[in-house]
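In what follows, a structure is listed as structure tokens, so that the remarks can point back to it.
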Amino acid sequence: MFARRAMTLLLLAGCSSPRPVDDGRRCPTEAACTTVHPPGIADPDSPDFHAGLVVSTGYRLDTCAQCHGADFAGGLTGKSCLGCHEQGPTACTVCHGQPPATGAHQGHTRYDCSQCHVKPASYTDVGHLFNADGSSIPKAQITFGAIATTGGVKPGWDGATCTNTYCHGASTPAWAGTAVCGTCHDVPPASHAGRNTQCSLCHPSGEARHVDGKLDIGDGSGTCLACHPSPGGAHASHTQALHRLAPALGCIECHAVPASVDSPGHIDQPDAMVFPPNTSARARTDGASPSWDATTTTCAGVYCHGGGAGLAADHAPSVVRTLSWAVGAGGAVCGACHGIPPADGVHAATLQLTDCHDCHRTVDASGALLPATHLNGIVDGP
């Protein structure tokens, strides 16, 4: 199973000087020592090198410990194994690297051995080198751990290929192969329409938390802001009421808010849908028909910006019913959604802001706007 050079030196060399017999087990002379081990026992180039001895005896290092001590620090012989094996000859790295250099072990260095094997507490544990009946196990046994079985999947191993592992999705990677992006899931996945270059928008944790058995979504808060902390454009103006013309708006005012990340109409769309059915109640007030032009990035026909039957008759020159989504391009300012006063044949052209308070609770006596009652879909009376 292991080449002679694969195991670093197990220093089982004979005595270097005559020793007295004090308990019947020490070598009385150097010559007697060589009758226990051949001269090449510590020579990696010798056919008698001790690695072969350990393998041929079924890795029974307890036999070695009888003379070299339970801790292999020297024992009766005074010959320590720790000079070559700092962690002792029973450490994992004596027989194989950690991880081993074979197959795709090096590509799985971020995972503990227990993800694919039963990790023994001691090299003598049943299932490691020996079966319960004491017979040797010729190869490392594959026992998939928590990550590979995430979601209740039942992985398989045929000696060369893995199947049905959480880590590799529907692919069947060969142990001698290499996993590259796109082999475990499509780029983007079929459920993520047109987002092949936007992974970091919703999965910012990167490689350190990739394939760890957990689906990391944004900052983990479970809110829209988890993936959209700074959506750009005029979002902040609306969601934080930076315009000071109305209370802050929720996402539902322009978008469908999904019950879950994979709800229809969410990530299965290349871009966020604006004013889809069953949303935007405020924007549709008074029969308004809001629309979004993705090419010009403009909104039009929105109640909040002068849309709807009641404001259709307002022909004040200051009114702007088609607005750019770009920040700083103008938009929600007093007089842009309706004239001051509205030029609708109902409001006298001589009226001032201080006069609005006489009929509407959206303005105080000084003419200052009261955002709490403004743009709420109700024309407030006196």
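None of the figures in this text is laboratory data; all of them are computed from the coordinates on show. Everything numeric here is computed off the predicted structure, so don't read it as measured data. For neighbour counting, all protein chains shown are included, and Cβ atoms are generated from backbone atoms with ideal geometry for every residue, glycine included.
In the chain, helices alone account for a calculated mean residue ellipticity at 222 nm of -2000 deg cm²/dmol, with every DSSP H run of four or more residues adding -39,500 (n - 2.57). Computed extension gain for Ala179 through Gln66, at 0.36 nm per residue and net of the alpha carbon distance, reaches 36.0 nm. Close amide-amide hydrogen proximity is noted between Val363 and Leu370, each under 5 Å apart and 5 or more residues distant or on a separate chain (H modeled in the peptide plane; Pro and chain starts excluded). Working from the Cα coordinates of the chain, the gyration tensor eigenvalues give, after taking √(5λ), semi-axes of 82, 21, 15 Å in decreasing order. On the basis of the beta-carbon distance and an R0 of 51 Å, Arg209 and Ala348 show a calculated FRET efficiency of 0.20.
Take every DSSP beta bridge whose two residues both sit in the chain, then give the antiparallel share in percent to the nearest 5.
Bridges in the chain are about 90 percent antiparallel.
Note on Lys154: lysines with a C-alpha under 30 Å away, same-chain residues under 8 apart excluded, are Lys119, Lys139, Lys214. Summary of the geometry: the range 291-326 and the range 95-166, compared by the centres of their Cα atoms, lie 64 Å apart. Report the residues of the range 345-374 in range of a label on His315: point 7 Å along Cα→C-beta, backbone N strictly under 20 Å from it. Answer for the range 345-374: 345-351. What's the whole-number percent of alpha carbon pairs in the range 45-157 lying beyond 24 angstrom? Everything past 24 Å amounts to 37 percent. For the chain, modelled as a GNM whose springs connect Cα atoms under 10 angstrom apart, the maximal fluctuation among Gly306, Gly83, Gly156 occurs at Gly83. The gain in end-to-end length when the Ala365 to Gln141 segment is fully stretched comes to 72.3 nm, 0.36 nm per residue minus the alpha carbon separation.
Could you please report the charge total around Ile340, scoring K, R as +1 and D, E as -1 over all other residues with beta-carbon less than 13 angstrom from its beta-carbon?
Counting the neighbours of Ile340, the net charge comes to -3.
The charge dipole of the range 217-288, taken about its Cα centre with unit charges on the Cβ atoms of Lys, Arg (+1), Asp and Glu (-1) only, comes to about 300 debye. Distance between the 7 Å Cα→Cβ label points at Glu86 and Val327: 5.3 nm.
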